[in-house]
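Student: I have a structure I would like to understand better, so I am pasting it below and will then ask my questions one at a time.
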Amino acid sequence: RMVWLAGRPSPALEAAADHLRELGADARTVSFDALAPERHEEVLGKVFAEGDIDLVLLAFGVLGDQARAEEEPLAAVRVAQTNYTGAVCAGLVCAKELRAQGHGSLVVLSSVAGERARRANFVYGSSKAGLDAFAQGLGDALHGTGVHVLVVRPGFVRTKMTSGLKEAPLAADPEAVAEAVETGLRQRAEIVWVPGALRAVMAVLRHVPRGVFRRLPV
């Protein structure tokens, strides 16, 4: 089982690869930066040149600092470029390669934050909203090609990115997200929510009048 880890060179990347090797995988790393879209085709193309890829997991992003983004617009731009622009470029490169080989799945980590941007993190939420819409459209474009696109919408997940933040209701562990992804792939689902109860919650919040929504403690 060959696994490619594409990310910025770091001890953490190498440690992740070592962990996969301990589990029996043939893990390899490749230098990838979401903020360098001009190199995505070259970098990811080399991975696909090594052989067919069954699954691509597009799971990178930054939360950013909302207060800083409002004071320093370039900080907001960095969030948007990482979460949206970088993902669009990488997603299209991978989609092109998957379509050429005629099979495979592309899993895109979106967020419930993109369902309706909140005052507390609307920069991040707007970037995820764009990513979510892009991934859904990409799935439609690839329909019938043998390539499957799965959009994953987790809520608050206990990870390094959320460390130190106040935990939101219906919080989940990374393992729960992994299990939902696996189930979604097996069922050839197009969208999965983690946890599933968030689907009903967001169905309600999506239709709450704006004047009421902005006063909710969410």
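The values are calculated or read from the model by the stated rules, or taken from the named source; none is laboratory data. Quick caveat, the model's predicted, so the values are computed rather than measured. Cβ: placed from backbone, ideal geometry, glycine included. Neighbour counts: every protein chain shown. When the accessible area is computed, the model is the full protein with side chains, heavy atoms only, and any ligands, DNA or RNA have been set aside. Shrake-Rupley method; radii C 1.70, N 1.55, O 1.52, S 1.80 Å.
Student: Hey, can you tell me all the residues within region 156-202 that are of a type in the set (Gly, Ala, Ser) and at pLDDT below 90?
Tutor: Of the residues in region 156-202, the ones of a type in the set (Gly, Ala, Ser) are 163-164, 168, 171-172, 176, 178, 180, 184, 189, 196-197, 200.
Listed by number, the residues that qualify are SER163, GLY164, ALA168, ALA171, ALA172.
Student: Out of GLY164, GLY144, report the one residue that is closer than 30 Å to GLN101 by Cα, assigned to a loop (DSSP other than H, G, I, E, B) and free of Cβ contacts under 8 Å to residues at least 12 places away in the same chain.
Tutor: Numbers: GLY164 fails: closer than 30 Å to GLN101 by Cα.
Within the list GLY164, GLY144, the selection yields GLY144.
Student: Another question, then. Which residue pairs have Cβ atoms closer than 9 Å, lie 6 or more positions apart in sequence or on different chains, and pair a first residue in region 176-191 that is touching a residue at least 12 places away in the same chain (Cβ under 8 Å) with a second residue that is among the acidic types (Asp, Glu) and surrounded by 16 or more Cβ atoms within 10 Å (Cβ to Cβ)?
Tutor: What qualifies is ILE191/ASP132.
Student: Within region 202-218, restricting attention to residues that are in contact with a Leu (Cβ under 9 Å, 6 or more places away or on another chain) and free of Cβ contacts under 8 Å to residues at least 60 places away in the same chain, which residue is most open to solvent (accessible area, probe 1.4 Å)? Even if it seems obvious, please write down each step before you answer.
Tutor: As a first pass, look at region 202-218 and keep what is in contact with a Leu (Cβ under 9 Å, 6 or more places away or on another chain): 205, 208, 213, 216, 218.
Among the residues that remain, those that are also free of Cβ contacts under 8 Å to residues at least 60 places away in the same chain are: 208, 216.
Numbers: VAL208: 28, LEU216: 61 Å².
Only one residue fits best here, namely LEU216.
Student: Of VAL62, VAL43, VAL56, which residue is under 30 Å from SER126 (Cα atoms), open to solvent by less than 30 Å² (accessible area, probe 1.4 Å), β-branched (Val, Ile, Thr) and not in a helix (DSSP H, G or I)?
Tutor: Working: VAL62 fails: open to solvent by less than 30 Å² (accessible area, probe 1.4 Å); VAL43 fails: not in a helix (DSSP H, G or I).
Result of the check over VAL62, VAL43, VAL56: VAL56.
Student: I need every pair where a residue in region 31-43 that is among the acidic types (Asp, Glu) has its Cβ under 7 Å from the Cβ of a residue that is open to solvent by 20 Å² or more (accessible area, probe 1.4 Å) and in a strand (DSSP E or B), sequence separation at least 6 or different chains.
Tutor: Cβ pairs passing all conditions: none.
Student: Follow-up. Let me spell it out: the conditions are (1) farther than 19 Å from ALA203 by Cβ; (2) in contact with a strand residue (DSSP E or B) (Cβ under 9 Å, 6 or more places away or on another chain); (3) in contact (Cβ under 8 Å) with a residue 12 or more places away in the chain, and ARG153 meets all of them except one. Which number is the exception?
Tutor: Status for ARG153: all satisfied but (1).
Student: Here's a follow-up. Can you pull out the residues in region 132-170 that are more than 20 Å from GLU182 (Cα to Cα) and of a type in the set (Ser, Thr, Tyr)?
Tutor: Within region 132-170, THR145, THR162, SER163 qualify.
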